[in-house]
1. Mind checking which residues of the stretch 60-69 are modelled with pLDDT under 95 and either part of a strand (DSSP E or B) or under 10 Å from Gln106 (Cβ atoms) (or both)?
2. Could you look through the stretch 184-205, keep only residues that are assigned to a loop (DSSP other than H, G, I, E, B), farther than 11 Å from Leu156 by Cβ and without any contact (Cβ under 8 Å) to a residue 60 or more places away in the chain, and pick out the one that is nearest to the chain's Cα centre (by Cα)?
3. Can Tyr159 be described as farther than 22 Å from Asp256 by Cα, of a type in the set (Ser, Thr, Tyr), modelled with pLDDT of 95 or more and surrounded by fewer than 22 Cβ atoms within 10 Å (Cβ to Cβ)?
4. Every residue in the stretch 150-183 that is assigned to a strand (DSSP E or B), over 19 Å from Thr75 (Cβ atoms) and either in contact with a Cys (Cβ under 8 Å, 6 or more places away or on another chain) or of a type in the set (Phe, Trp, Tyr) (or both), please.
5. Please go through the stretch 182-199 and give me each residue that is of a type in the set (A, V, I, L, M) and in contact with a helix residue (DSSP H, G or I) (Cβ under 6 Å, 6 or more places away or on another chain), ordered by number.
6. Could you tell me whether the stretch 214-230 includes any residue that is of a type outside the set (Asp, Glu), farther than 18 Å from Leu247 by Cα and at pLDDT 95 or above?
7. Would you pick out the residues in the stretch 238-251 that are at pLDDT 95 or above and either buried (at least 23 other Cβ atoms within 10 Å of the Cβ) or among the aliphatic types (A, V, I, L, M) (or both)?
8. For the stretch 103-113, enumerate the residues that are over 30 Å from Asp60 (Cβ atoms) and either at pLDDT 95 or above or of a type in the set (A, V, I, L, M) (or both).
Amino acid sequence: MGSGRWSTNVYDEHARMKAAAGMSTFDYYDNLRRRHPSNWRVHDTLDPFGVRFRESRDSDEHPNSTAIAILFDVTGSMGAIPITLQRKLPELLGLLLRKGYVAHPQILFGAIGDANCDRVPLQIGQFESDNRMDENLEHIFLEGGGGGQRMETYELAMYFMARHTDIDCWNKRRQKGYLFLIGDEMAYPQVRRRQVKDLIGGGLERDLPTEKLVRELRERYHTFYILPRGACYGGDPQILRSWRRLLGEQVLELDDPAAVCETIALSIGLYEGAIDLQAGTDDLRDLGVGEPTLKTVSTALATLPTSLAKARPVGAALPGL
């Protein structure tokens, strides 16, 4: 729901305690894989079934919330992405808050597989402003499956975001939220009614064309697809064409998947009008980001329109960062 404030101190202490107890960061996944190999299932906090809405709400504490959803493919070679996101979460929050890109981000994490063959094909957390977002990320089940047909059910995740989220940045201010899909395959051409019923719950009377769904989704979310070149199908022209048909210029190729947090942060800064690309690159340099990562992010974002940048506002840092 987005209450509370994120703290670097809480993040560091949580990591220290897990390490001292001999627990891995993604211990839910590790425990299921090791102790219950025949009972793989989504964590209760990430189960989309029966969820009417995941909500991003304004409050006295966060009067101008911005909904940010980050959903990643956890099939095949993409399993390293959530590990990178978890490790670099302080950098992502630091860029958004210290540099004034967004004053009150509320972040949702989720994961995408293939509902045609995986046991845990859809995982969707809640929008959070505090360290509960860390917990949602750590509860991701890294199934590593997929069917090898160059498609995963991204459309099912997009359906959930379009029909089962309620965000005040849009409701109250007509400011779009942000959705980042990170993967290396194509969406299926239709949202299947049966898959919606089985994994999310009723509400879809017939199969829905993915192109129609994406038009609906983009009314409320700036929607990006990030394709890391190091993934199985990185740089694949067919996959790039497929996503560019759906999302146009908001398809980003990333030479180094380790730069995903910086790419997300600067994309938001650009669309919020807080920076231009040069200012964003300078911000990364101020935070000690190395030249290879700077080049990776600059190259990925060079395709976005330069008209996005406006006068840079002054942003307030979040206590605890």
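1. His62
2. So the first thing to find is which residues in the stretch 184-205 are assigned to a loop (DSSP other than H, G, I, E, B), and the list is 184-185, 188-189, 192, 200-205.
Next, from what is left, pick out any that are farther than 11 Å from Leu156 by Cβ: 184-185, 189, 201-203, 205.
Restricting the remaining residues to those that are without any contact (Cβ under 8 Å) to a residue 60 or more places away in the chain gives 189, 202-203, 205.
Values: Pro189: 22, Gly202: 25, Gly203: 24, Glu205: 28 Å.
If we take residues in the stretch 184-205 being assigned to a loop (DSSP other than H, G, I, E, B), farther than 11 Å from Leu156 by Cβ and without any contact (Cβ under 8 Å) to a residue 60 or more places away in the chain, then Pro189 is nearest to the chain's Cα centre (by Cα).
3. Details: farther than 22 Å from Asp256 by Cα: yes; of a type in the set (Ser, Thr, Tyr): yes; modelled with pLDDT of 95 or more: yes; surrounded by fewer than 22 Cβ atoms within 10 Å (Cβ to Cβ): no.
For Tyr159, the condition - farther than 22 Å from Asp256 by Cα, of a type in the set (Ser, Thr, Tyr), modelled with pLDDT of 95 or more and surrounded by fewer than 22 Cβ atoms within 10 Å (Cβ to Cβ) - is not met.
4. Selection gives Gly177, Tyr178.
5. Here is the first cut: in the stretch 182-199, the residues of a type in the set (A, V, I, L, M) are 182, 186-187, 191, 196, 199.
Within the stretch 182-199, Ile182, Met186, Ala187, Val191 meet the criteria.
6. Going residue by residue through the stretch 214-230, those that are of a type outside the set (Asp, Glu) are 214-215, 217-218, 220-230.
With the extra rule that they be farther than 18 Å from Leu247 by Cα, the set shrinks to 229-230.
Applying the additional criterion that residues be at pLDDT 95 or above yields none.
So far as the stretch 214-230 goes, no, none of its residues is of a type outside the set (Asp, Glu), farther than 18 Å from Leu247 by Cα and at pLDDT 95 or above.
7. Selection gives Trp243, Leu246, Leu247, Val251.
8. Initial filter on the stretch 103-113 (over 30 Å from Asp60 (Cβ atoms)): 111-113.
Residues satisfying the conditions are Ala111, Ile112.
The values are calculated or read from the model by the stated rules, or taken from the named source; none is laboratory data. As the structure is a prediction and not an experimental result, all values here were calculated from the model. Cβ sites come from the backbone with ideal geometry, for glycine too, and all protein chains shown count toward neighbours.
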